[in-house]
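Undergrad: Below is the structure I would like to discuss, written out as structure tokens.
Every read-out reported here was derived from the displayed coordinates using simple, explicitly stated rules and does not represent laboratory data. As the structure is a prediction and not an experimental result, all values here were calculated from the model. Cβ placement follows ideal geometry from the backbone for every residue including glycine, while neighbour counts extend to all protein chains displayed.
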Amino acid sequence: MTKLPSIIGLLTLLTSCASVRPLIGTLDDKPQAPVHTVESIDAHPEEVEELAQSEAFEVDGTRDVYADNKNISDDNIALEYEPKHYSFWFNYFTKRDHARFKRHLKNGFEYKQLVFHILKEHGLPTDLFYVGLIESGYNNRIKSSAGAAGPWQFMPKTAKHYGLRVDSQVDERWNIYKSTHAAARYFSDLYNIFGSWELAMAAYNAGEYRIIRSIRKGKTRSYRELVQKKLIPKETAYYVPKVAAARALVQSEEKYGFFHIKDKDSLYGSAALVEVNQSFSLSKVSKLSSIPHKTLKEMNPDIKSDWIRVRGAYGLLVPKAHVSTLANLELPKARAPRRSVASNSGIHKVRSGENLSVIAHRYNVNVSDLKRANNIRGSRIYVGQKLTVPGAGRSVASIAKKMVHTVSRGENLSLIAKKYGLNASDLRRANKMRGSRIFPGQKLEVPGASIITYRVRSGDNLSKIAQRFGVSVDEIRRTNGLSNSVIYANQKLNIPSEG
């Protein structure tokens, strides 16, 4: 799947072509938050420091994964394509690629009804399920060399545009439930643009601009004519008949030697999505809610680390039976702790599961330097051992402080709260305000948000720093007013984080 182009550009190109109907709907780009005046903090994305107090697990609504448990059948929308291309893929799947297609069917049947229900919820034909079968074989952890990932093979930029979170802690492209909702929104836009499912599928494969150029050059909106005129890539010419062949085989799998598997949805058949609006530790939620940690991980494969930093809300999939338990959960009040790198001592205490490579990477030093500083000949270290980290004696991350927003002209409490994923009442409470009147230049404390002031070290880049602190490169650039990704040694950067 290709990168997402500007919808304005698509509209301009489409309306300039007489043979193309006008755009039915548009995509709304989310505005980037401006840079604000802030004071510094300290945070660590991998651990949770428990405080003496406890607080309620903040749940902001729930919804069932299924509106009902009825089985949904194929819509069987009519698709036009070259018969010879259909025959090629039909024979390929039943003979040469029989074993692999059989594995893909097994994966697909596990999620078939889930995907069908989501597509129907968005008013789309269930036939789009077979696009996912072709894209990934419903191997949810698959990733292409180009960076597309998950069952629907989203590129990061497109995934974020359609509401998926992609960062060092969470990659919602891997979550079949969340990514299918995003794919449904994308398909809705593609159909609104092209008015044809053949062209929508072709654009999903080759990209919107590529198909629009073909339409303009060929002066036709017929997918089949574009194929006959060889105006679209060969892979795309084969794409629609490939989907159609997969659909035909799934509908009569036993006839062609594929074992029949009943539609099943494993964990998702009785699941609910809980909107959580505070950062949390997955292991703590598991322990206090009595939901097995393995179950939470299986239902939420998008979670990459135990500590989940939340701004706004995060959708956590849980068994329905535990929804009320979560709503009444009392978690130890937690925050991301200070990094060892912020210590003036330059000493690291080895923890379970660590090795020299992991420790060296954390502090951005070479393994050889770490071994030399500690007179280590081999690579063996033990839990509890204290290691001197060369160069870490100088603080590179400051002590935790609260985030402060300086009010700009034209802003109001609701607008500021929205920028930080909060409610206006949260800002009023944090700043002990009775009303909602504010003035330009006024400084407002932003509850639950803070930053680290980090000094760039030799060998650092924005991607490495973002991964280290569990934020995105865009967040760092936005917070520091950077127009590009160029940074230099000893430069001070503000890293947004949870307080």
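Undergrad: Let me check against my output: what whole-number percent is the relative contact order of region 401-498, with C-alpha pairs under 8 Å and at least 6 apart? Mind showing how you got there, number by number?
TA: Values: 142 pairs, mean separation 29.8, N = 98.
30 percent.
Undergrad: In whole Hz, with x marking every Gly and Pro, tabulate ³J(HN,Hα) for region 109-117 from phi via Karplus 6.51 cos²θ - 1.76 cosθ + 1.60, θ = phi - 60°.
TA: Result, rounded to whole Hz: 5, 5, 10, 4, 5, 4, 5, 4, 4.
Undergrad: List every residue whose amide H lies under 5 Å from the amide H of residue 495, counting only residues 5 or more places away in sequence or on a different chain, with H placed 1.01 Å from N in the peptide plane.
TA: 452, 453, 454
Undergrad: Output ³J(HN,Hα) for region 473-480: one whole-Hz value per residue in order, computed from phi by the Karplus curve 6.51 cos²θ - 1.76 cosθ + 1.60 with θ = phi - 60°, and x for Gly and Pro.
TA: 4, 4, 5, 5, 4, 5, 5, 9
Undergrad: Relative contact order for region 86-198: what percent, with Cα pairs under 8 Å and sequence separation of 6 or more?
TA: Details: 123 pairs, mean separation 22.5, N = 113.
Relative contact order comes out at 20 percent.
Undergrad: What is the set of long-range amide H partners of residue 279 at a cut-off below 5 Å, with H atoms built 1.01 Å from backbone N?
TA: Close amide H contacts, sequence-distant or interchain: 310.
Undergrad: Next question. Could you put 111, 162 in order, starting from the residue whose Cβ has the fewest other Cβ atoms within 10 Å? Could the numbers behind the result be given before it?
TA: On the way: 111 24, 162 21.
Final ranking by Cβ density, sparse to dense: 162, 111.
Undergrad: Evaluate 2.2 N^0.38 Å with N set to the residue count of region 122-162, then give the Cα radius of gyration divided by it. Don't skip to the answer; put the middle values down first.
TA: Values: Rg = 10.9 Å, N = 41, 2.2 N^0.38 = 9.0 Å.
Here the Cα radius of gyration is 1.21 times the empirical estimate.
Undergrad: Another question, if that's okay. Going from the alpha-carbon gyration tensor of region 72-256, what semi-axes, largest first and in whole Å, does one get by taking the root of 5 times each eigenvalue?
TA: On the way: eigenvalues 112, 95, 47 Å².
Its equivalent ellipsoid spans semi-axes of 24, 22, 15 Å.
Undergrad: Using θ = phi - 60° and the Karplus form 6.51 cos²θ - 1.76 cosθ + 1.60, what ³J(HN,Hα) does each residue of region 235-247 get, whole Hz, x for Gly and Pro?
TA: Running phi through 6.51 cos²θ - 1.76 cosθ + 1.60 with θ = phi - 60° gives 4, 6, 4, 8, 5, 5, x, 5, 5, 5, 5, 5, 4 Hz.
Undergrad: Then there's this: Using modelled backbone amide H atoms (1.01 Å from N, in-plane), which distant-in-sequence or interchain residues come within less than 5 Å of residue 347's amide H?
TA: Correct list: 389.
Undergrad: Please report how far the C-alpha centroid of region 102-120 lies from that of region 138-152, rounded to the nearest whole angstrom.
TA: First find each Cα centre; the distance between them is then 16 Å.
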